[in-house]
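Trainee: Below: one structure in structure tokens.
The values are calculated or read from the model by the stated rules, or taken from the named source; none is laboratory data. Predicted model only: the values in this text are computed from it and were never measured. Positions of Cβ are backbone-derived with ideal geometry, glycine not excepted, and every protein chain shown enters the neighbour counts. These area figures cover heavy atoms from the full protein model, side chains too; ligands, DNA and RNA do not enter into them. Shrake-Rupley method; radii C 1.70, N 1.55, O 1.52, S 1.80 Å.
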Amino acid sequence: MELWYTEQHTDNVNFSLKVKNHLFSGQSEFQKLDVLDTYEYGKLMTLDGLVMVTEKDEFVYHDMIVHVPMAVNPNIKNVLVIGGGDGGTVRELMRYNSIEHVDMVEIDKLVCDAAKEFFPTISCDLENPRVNLLYEDGVKFVEESEDGKYDLIIIDSTDPIGPGEGLFTTSFYTNCHRILKEDGILVNQNESVFYEPNQDAAMKANSKLKKIFPLVKVYQACIPTYPSGYWLFGFASKKYDPIKDLDAAKWNELGIKTKYYNTDLHVGSFALPNFVKEFF
Ligand code: AG3
């Protein structure tokens, strides 16, 4: 008998992967977590039935959520990651010697535990001494953080349903702005505008950020296992422009080997198709 996993992307579109093995199923106080071993994408983690990471395409997401802001301001030392329990974001951050400290605030310990057990290549830096891992609500954490503390905030969240909902609100973004330094950058996973169920979230996140930060742009990447495969990230900044302030030579000198990101693609990822421009 064949086993298939399906995420419903719209009322009329299903995305399915053939499954070798259902390795884990658990329920935390926040959400349901499953780990599946699939033929095409390797191991896959879902939260409440939605794809969060797969071994095969996680590099795209984690490269783009980390290296884009890091290449714009090479002096980033103190970083806050909200969510990101699988560890992919901190793994990429730890490749920069210049980063001194990362506070990672994940609401659900089960995500980190499952990542450590089933995704060692993604979670490998969760116990890095430069990473301070806290199992707390990100919304509360930013409320209580002091002004001007961070150079960079990365919001590595789920969709805005369930525990991730508060990470798409104006009050959350306002606190993020307050706790960023005067040249701080915020990057978020910004959903997609291709299918209607995600459009609203993508547009709202962007328009809320625009009310708070002087410079807000979206950039794109191809992530095959997310709805439509056409995914967006938000770049909100107090000072730096993601294109004008990119020092490509400087980033390339660091010698960081990446599978997706490069500084040409960095520039290109901000060049939006016409149908996408209309949304922002
Ligand atoms: N964050 C999840 C992005 C949203 C996926 N949405 C979906 N499948 N409907 C990924 C976390 C990776 N560190």
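Trainee: Which residues' amide hydrogens lie under 5 Å from the amide hydrogen of LEU152, considering only partners 5 or more residues apart or on another chain, with H built in the peptide plane?
Mentor: Here the answer is ASN78, LEU80, ILE185, since their amide H atoms fall under 5 Å of that of LEU152.
Trainee: While we're here: Could you give the length gained on full extension between MET203 and ASP183, defined as 0.36 nm per residue of separation minus the Cα-Cα distance, in nm? Could the numbers behind the result be given before it?
Mentor: On the way: separation 20, 0.36 × 20 = 7.20 nm, distance 2.45 nm.
Result: 4.7 nm gained on full extension.
Trainee: Which one, LEU186, GLY164, PHE141, is farthest towards the positive end of the dipole of the stretch 58-277 when Lys and Arg carry +1 and Asp and Glu -1 on their Cβ?
Mentor: LEU186
Trainee: Taking amide H positions as placed in the peptide plane 1.01 Å from N, state which residues far from LYS20 in sequence (5 or more) or on other chains have amide H under 5 Å from it.
Mentor: Amide H to amide H, under 5 Å and 5 or more residues apart or across chains, LYS20 pairs with ASP37, THR38, TYR39.
Trainee: So for the chain: antiparallel DSSP bridges make up what percent, rounded to the nearest 5? Each step should come with its number before you reach the end.
Mentor: Numbers: 37 of 56 bridges.
Antiparallel bridges make up about 65 percent of those DSSP assigns within the chain.
Trainee: Modelled label-to-label distance, LYS109 and LEU134, 7 Å Cα→beta-carbon offset: nm?
Mentor: With each label placed 7 Å out from Cα toward Cβ, I get 1.6 nm.
Trainee: Separate question: Quick one: Karplus J couplings for the stretch 170-176, per residue in order, coefficients 6.51, -1.76, 1.60, θ = phi - 60°, nearest Hz, x for Gly and Pro?
Mentor: 4, 5, 5, 5, 5, 5, 4
Trainee: What per residue convex hull volume, in Å³, do the alpha-carbon atoms of the chain yield? All intermediate terms of the calculation are to be shown ahead of the outcome.
Mentor: Values: hull volume 33.5 nm³, N = 280.
Measuring per residue, one finds 120 Å³ for the Cα hull of the chain.
Trainee: Now for a different question. Cα centroids of the stretch 4-41 and the stretch 224-268: how far apart, whole angstrom?
Mentor: Between the Cα centres of the stretch 4-41 and the stretch 224-268 lies a distance of 29 Å.
Trainee: Tabulate in residue order the Karplus-calculated ³J(HN,Hα) for the stretch 35-49, using 6.51 cos²θ - 1.76 cosθ + 1.60 with θ = phi - 60°, rounded to whole Hz; enter x for Gly and Pro.
Mentor: Along the stretch 35-49, the couplings run 10, 10, 9, 10, 5, 8, 10, x, 6, 9, 10, 10, 10, 6, x Hz.
Trainee: Compute the angle between helix 109-118 and the longest alpha-carbon principal axis of the chain, please, reported from 0 to 90 degrees and rounded to the nearest 10.
Mentor: For helix 109-118, the angle is close to 70 degrees.
Trainee: With a 1.4 Å probe and all protein chains left in place, how much accessible area per residue does the stretch 3-54 have, in Å²? If you can, show how the numbers build up before the last one.
Mentor: Working: 2700 Å² over 52 residues.
Spelled out: the 1.4 Å probe surface of the stretch 3-54, per residue, equals 52 Å².
Trainee: If you don't mind, another one. May I have the pair-distance distribution P(r) for the stretch 3-54, computed from all Cα-Cα distances with 10 Å bins from 0 and rounded to whole percent?
Mentor: Calculated over all Cα pairs of the stretch 3-54, the distribution is 26, 55, 19, 0 percent.
Trainee: When only C-alpha pairs under 8 Å and at least 6 residues apart count, what is the relative contact order of the chain, in percent? Mind dumping the intermediate values first?
Mentor: Numbers: 564 pairs, mean separation 46.1, N = 280.
Relative contact order, the chain: 16 percent.
Trainee: Using 0.36 nm times the number of residues separating ALA271 and GLU40, minus their current alpha carbon distance, what extension gain do you get? The partial results should precede the final answer.
Mentor: Values: separation 231, 0.36 × 231 = 83.16 nm, distance 3.01 nm.
My answer for the length gained is 80.2 nm.
Trainee: Compare SER25, SER237 by solvent-accessible area with a 1.4 Å probe and give them largest first, with all protein chains kept in place. Let's see the in-between values first.
Mentor: Values: SER25 70, SER237 0 Å².
Ranked from most to least accessible, the order is SER25, SER237.
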